Amino acid sequence: MTNTRPDRIAAFFDLDKTVIAKSSAFVFSKPFFAQGLIDRRTVLESSYAHFLFLLSGADHDQMERMREHLTKMCAGWDVNQVRAIVAETLHELVDPLIYAEAADLIADHKIRGHDVVIVSASGEEIVKPIAAALGATHTAATRMVVENGSYTGEVEFYCYGPGKVEAIERLAACEGYDLSRCYAYSDSITDLPMLSAVGHPTAVNPDRNLRREANSRGWPVLEFSNPVSLWARIPAPSSTTVAATAAVGLSALLAGAISYRLLRRRR
């Protein structure tokens, strides 16, 4: 039953470089290659894009081009095959990547009675099991269209930029969150709309543009640098939950490839 009291508080967390230390694009490129979903070139591009992502992040134009590329590349991918890859690799690949500082901050919000929401442009299929392991109350993530067991190559909902604001406003209306009392955490200037939508925004490991914006607005800036084993700290989700995941951050994985091409073209 939905709680509609207008005085509840939530903490909204971005995922990549805010809660986990690497981009989903880099983390899942190798198992996707091993199962034949992507080729060797895409793996190399993903690795290079991850390096650039760690240095500077991606701007709005790059993210929009990433989405366009995503709609073409994933068309026809078998959902069950992707689910099998997730079930086999999620624990091994994500386990060491959770920032200890992020896990502690999430735990602190929960102790204070706040709901915790993971909000990510990555596919909901990877966001949900990670959020469950963290003890998050809700998730908001990108959703892909599936027909006859395969991805159509279309995006049902892109949880990026204004889309993140749409998602948290929808949750606020359903759950009774007072956004003026809520918290948000992110590393990227592309999440400025989400950060601006709450009363307590914080920049975490911010890119250069977000750091400048946070300083000008007097927002707190946090630096997370200590990735630890998530499942050593928090009970892991069941194998059933993991096996039920589908696309494992397809948007983030394919974003890596297009980021490489765009940045290489610029240079």
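The values are calculated or read from the model by the stated rules, or taken from the named source; none is laboratory data. From a predicted model like this one, the values you see are computed outputs, not experimental measurements. Note that we place each Cβ from the backbone using ideal geometry, even for glycine, and neighbour counts take in every protein chain shown. In case anyone asks, the SASA skips ligands and DNA or RNA and just uses the protein heavy atoms, side chains included. Shrake-Rupley method; radii C 1.70, N 1.55, O 1.52, S 1.80 Å.
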Is it fair to say A133 is under 28 Å from L222 (Cβ atoms), assigned to a helix (DSSP H, G or I) and of a type in the set (G, A, S)?
yes
Quickly run through the stretch 181-211 and pick out the residues that are open to solvent by 20 Å² or more (accessible area, probe 1.4 Å), closer than 19 Å to T137 by Cα and in a helix (DSSP H, G or I).
R181
Looking only at the stretch 212-236, which residues are at pLDDT below 95, open to solvent by 80 Å² or more (accessible area, probe 1.4 Å) and of a type in the set (S, T, N, Q)?
S225
Among the candidates T137, T142, single out the residue that is modelled with pLDDT of 70 or more, closer than 19 Å to E166 by Cα and open to solvent by 20 Å² or more (accessible area, probe 1.4 Å).
T137
Here, helices (runs of 4 or more DSSP H) confined to the stretch 1-113 with at least 1 residues that are open to solvent by 20 Å² or more (accessible area, probe 1.4 Å) and at pLDDT 85 or above are 100-111
Of all residues in the stretch 131-179, count the ones that are closer than 21 Å to A11 by Cβ, over 19 Å from the mean Cα position of the chain (by Cα) and of a type in the set (A, V, I, L, M).
3
So which of E124, E154 ends up being touching a Lys or Arg at 6+ places or on another chain (Cβ under 8 Å), open to solvent by 40 Å² or more (accessible area, probe 1.4 Å) and at pLDDT below 95?
E124
